[in-house]
Amino acid sequence: MALGAGAFASVNAATYKAKLLNPSGGPQVVAVEVADSTIGGYRTEASGNRHAIRWHGSVPTALDLHPNGFVESQIFAIGENQQGGLGRLTNGRSHALLWRNTAASVIDLHPPGFTSSEIDDVFGDSQVGLGTGATTGGGVHALLWRGSVSSVVDLHPVGFERTFGRALTATQQVGSGYGSLTGGEEHALLWSGTSASMVDLHPGGFIASMAVGISNGIQVGSGLVSGTDVSHALVWKGTAASVVDFHPAEFRSSAVSDAAGAYQVGTGALSDGATRALLWEGTPDSVINLHSTLANLGQFTRSTAHAVNAQGVVVGSARSAAGFTYAVMWSPIPEPAASVLAMAGFAAVASRRCRSARVF
């Protein structure tokens, strides 16, 4: 269950430093993605509703991208000059939305025949996500767009009840699904733009699996070990047989949540349930426990790494002994260009890619 030597690009483990992005612990503003010098997410308004927000470069305040006609909005994905997510209507249904940096630029990608939809990742001019409605017979289908409603492609293959599109590159998409072909268990899936291109990445020795990230020809996610309730961080290279178990021995469970460039990030859970933010650089033994870098910032009982960019900048969250949740940005030393780190100081509680279906 391992790739041959040299299958992944390995980078010397860097020393990391942590910075709290909301030193006072509030208000609740959630960052879900980081790409170059841009982050995106949402904040909770006084009404209790969420508004999509975007930060970029050295601008110290968040830009509200909440569009007219929706009671709530959230950003789940950041790409070059585009943001993807959803807008929620008064009836609770959601529409897949695409922004080009401003609220006025929003494009509603919700397809005809669907009742709810969302975008989970963006890359170039493409978007991936999911939708449900009369067209799907009530099931959830993984969807692919090329920037317009008319471009939508249903990635849902025959033999599945539900499929979820989670991340993409220029040519491939990853996610998961379950149905009669999987014995009702969730399987990690890989597509190349059509439902017929689907490749089942589910590896032997696991009950269930999911893929939630893709970068440079690898796919990342997790699998539930057969006969246990324990998950292991997994990395693939296009086939089920190529799977590599990235699970660190000192943890009870682990999962990868995102990948970019040479990096993979995720979380490990200890035997007492406490979590630790983790970073890998292409191999299982390259794992770095980012939680240890929080020691000089206070006493923290839990941490999670949600997203990473190609420069190795990680965003995540940490919970203090007093019960407050803080946004954290981990930066490699030496640091990338200043523009990449200009997000420092933004009040954001990071929570990237908890990849369960959020809407349906």
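The values are calculated or read from the model by the stated rules, or taken from the named source; none is laboratory data. Predicted, not measured: the structure shown is a model, and the values here were computed from it. When we count neighbours, we look across all protein chains shown, and the Cβ atoms used for this are built from the backbone with ideal geometry, even at glycine. Heads up: the accessible areas ignore ligands, DNA and RNA and are worked out on the full protein's heavy atoms, side chains in. Shrake-Rupley method; radii C 1.70, N 1.55, O 1.52, S 1.80 Å.
State the number of residues belonging to segment 277-297 that are closer than 16 Å to residue 323 by Cα and in contact with a Ser or Thr (Cβ under 6 Å, 6 or more places away or on another chain).
Result for segment 277-297: 0.
Please verify whether residue 207 is buried (at least 16 other Cβ atoms within 10 Å of the Cβ) and without any contact (Cβ under 8 Å) to a residue 24 or more places away in the chain, treating the condition exactly as stated. Please lay out each step first, then the result.
Values: buried (at least 16 other Cβ atoms within 10 Å of the Cβ): yes; without any contact (Cβ under 8 Å) to a residue 24 or more places away in the chain: yes.
Yes.
When you look at residue 143, is it under 25 Å from residue 236 (Cβ atoms) and touching a residue at least 60 places away in the same chain (Cβ under 8 Å), yes or no?
Details: under 25 Å from residue 236 (Cβ atoms): yes; touching a residue at least 60 places away in the same chain (Cβ under 8 Å): no.
For residue 143, the condition - under 25 Å from residue 236 (Cβ atoms) and touching a residue at least 60 places away in the same chain (Cβ under 8 Å) - is not met.
For segment 236-262: of the residues being in contact (Cβ under 8 Å) with a residue 60 or more places away in the chain and not small (Gly, Ala, Ser), which is farthest from residue 313 (Cα to Cα)?
Among residues in segment 236-262 that are in contact (Cβ under 8 Å) with a residue 60 or more places away in the chain and not small (Gly, Ala, Ser), the one farthest from residue 313 (Cα to Cα) is 243.
Any residue at all in segment 284-302 that's closer than 21 Å to residue 164 by Cβ, crowded, with 23+ Cβ neighbours inside 10 Å and at pLDDT 95 or above? Quick ask: steps written out before the conclusion?
Taking segment 284-302 first, the residues closer than 21 Å to residue 164 by Cβ are none.
Checking segment 284-302: not a single residue is closer than 21 Å to residue 164 by Cβ, crowded, with 23+ Cβ neighbours inside 10 Å and at pLDDT 95 or above.
Here is a list of conditions, (1) under 22 Å from residue 87 (Cα atoms); (2) touching a Ser or Thr at 6+ places or on another chain (Cβ under 8 Å); (3) open to solvent by 10 Å² or more (accessible area, probe 1.4 Å), and residue 186 meets all of them except one; can you say which number that is?
Answer for residue 186: the failing condition is (1).
Here is a list of conditions, (1) of a type in the set (A, V, I, L, M, F, W, C); (2) within 18 Å of the chain's Cα centre (by Cα); (3) at pLDDT below 95, and residue 119 meets all of them except one; can you say which number that is?
With (1) of a type in the set (A, V, I, L, M, F, W, C); (2) within 18 Å of the chain's Cα centre (by Cα); (3) at pLDDT below 95 applied to residue 119, the lone miss is (3).
Among the listed residues 48, 25, which satisfies the condition of being in contact with a strand residue (DSSP E or B) (Cβ under 7 Å, 6 or more places away or on another chain), surrounded by fewer than 22 Cβ atoms within 10 Å (Cβ to Cβ), part of a loop (DSSP other than H, G, I, E, B) and at pLDDT below 95? Quick ask: steps written out before the conclusion?
On the way: 48 fails: in contact with a strand residue (DSSP E or B) (Cβ under 7 Å, 6 or more places away or on another chain).
Answer to the selection: 25.
Which of (1) more than 21 Å from residue 209 (Cα to Cα); (2) without any contact (Cβ under 8 Å) to a residue 40 or more places away in the chain does residue 331 not meet, given it meets every other one?
For residue 331, the failing item is (2).
Name every residue in segment 165-223 that is aromatic (Phe, Trp, Tyr) and within 21 Å of residue 129 (Cβ to Cβ), in order of residue number.
Filtering segment 165-223 for residues aromatic (Phe, Trp, Tyr) gives 178, 191, 206.
Passing the criteria: 178, 191.
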